[in-house]
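See below for the structure under consideration.
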Amino acid sequence: MDIRPVEPGDRDRLAAFFQRIPEGDRTFFKEDVLDPESVAAWTTDRHNRRQLALTPAGDVVGYVAVFPGVGWSSHVAELRVVVDPAARGDGLGRALARAGLLTALDLGLAKLVVEVIAEQTAPINMFQGIGFEPEALLKDHVRDRDGELRDLVVLSHAVASTWSSMATIGMEEAVGEG
């Protein structure tokens, strides 16, 4: 699986990918991933870092984005990971999250946060398995497509201190491994 930055020619691939994501999952996205103009803007966005997981045939099966904060939160970024339903359960989400961690480290960020619907235990467990820790539970914070209120879990990863500790003991190369 190739994970690489979004490029200007990826617009149609991204559109096809997000069409495959179930509507129920898209309900919780912060961006209109079905709007062609929004997706086209991603390909030239210099502030946020977006990457794709591609099959050998060039199909998008995963997406990760790091959204650095500004001003007083410029040391923090939000991480977003989306995996094609057909590719879930095989470690792709973990690989994408790790790619996001590496991006955060490259950007000199100290903290990475991810928001997950509280009922989604598999993603929560996956993020905790790579060093994210629960930081907040926001009750009734999100409304799903049926109008039901859902709790939101915010998990965080102390990027700089975790990776600094790993470098101190000579393990920094292990982070990029499966």
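The values are calculated or read from the model by the stated rules, or taken from the named source; none is laboratory data. Bear in mind the structure is a predicted one, so any value in this text is a computation, not a measurement. Neighbour counts run over all protein chains shown; Cβ positions are idealised from the backbone, glycine included. For the accessible areas, the whole protein counts, side chains as well, though only heavy atoms, and no ligand, DNA or RNA atoms are used. Shrake-Rupley method; radii C 1.70, N 1.55, O 1.52, S 1.80 Å.
Worth a mention:
- For the criterion of being polar (S, T, N, Q), touching a strand residue (DSSP E or B) at 6+ places or on another chain (Cβ under 7 Å) and either on the phi < 0 side of the Ramachandran plot or touching a residue at least 24 places away in the same chain (Cβ under 8 Å) (or both), Thr44 fails.
- Candidate set from region 133-164 (those that are out of contact with any Pro (no Cβ under 7 Å at 6 or more places or on another chain), surrounded by 12 or more Cβ atoms within 10 Å (Cβ to Cβ) and within 18 Å of Asp25 (Cβ to Cβ)); member that is modelled with the lowest pLDDT: Asp144
- Boolean, Asp59 is within 27 Å of Ala15 (Cα to Cα), touching a residue at least 12 places away in the same chain (Cβ under 8 Å), more than 13 Å from the chain's Cα centre (by Cα) and open to solvent by 30 Å² or more (accessible area, probe 1.4 Å): yes
- The set of residues in region 23-41 being more than 17 Å from the chain's Cα centre (by Cα) and in contact (Cβ under 8 Å) with a residue 24 or more places away in the chain consists of Glu23, Gly24, Pro36, Ala40.
- Hey, Ala65 assigned to a strand (DSSP E or B), farther than 16 Å from Leu112 by Cα and either of a type in the set (Phe, Trp, Tyr) or open to solvent by less than 30 Å² (accessible area, probe 1.4 Å) (or both) or not: no
- Qualifying residue in region 83-90 (condition: at pLDDT below 95 and over 17 Å from the mean Cα position of the chain (by Cα)): yes
- Region 84-114, residues that are open to solvent by 20 Å² or more (accessible area, probe 1.4 Å), assigned to a strand (DSSP E or B) and touching a helix residue (DSSP H, G or I) at 6+ places or on another chain (Cβ under 7 Å): Lys111
- For region 2-41, a residue qualifies if it is within 16 Å of Asp84 (Cα to Cα) and of a type in the set (Val, Ile, Thr), and the qualifying residues are Ile3, Ile21, Thr27, Val33.
- Subset of region 67-91 (residues that are in contact with a Gly (Cβ under 9 Å, 6 or more places away or on another chain) and under 14 Å from Gly108 (Cβ atoms)): His75, Val76, Ala77
- Condition check for Phe28: of a type in the set (A, V, I, L, M, F, W, C), at pLDDT below 85 and either surrounded by 14 or more Cβ atoms within 10 Å (Cβ to Cβ) or closer than 17 Å to Asp10 by Cβ (or both): yes
- Count - residues of region 1-41 that are touching a strand residue (DSSP E or B) at 6+ places or on another chain (Cβ under 9 Å) and either aliphatic (A, V, I, L, M) or assigned to a loop (DSSP other than H, G, I, E, B) (or both): 13
- From the options Leu14, Leu96, Leu54, Leu34, residue that is over 27 Å from Ser156 (Cβ atoms) and modelled with pLDDT of 95 or more: Leu54
- Note on region 39-51: residues that are surrounded by 12 or more Cβ atoms within 10 Å (Cβ to Cβ) and farther than 26 Å from Ala118 by Cα total 6.
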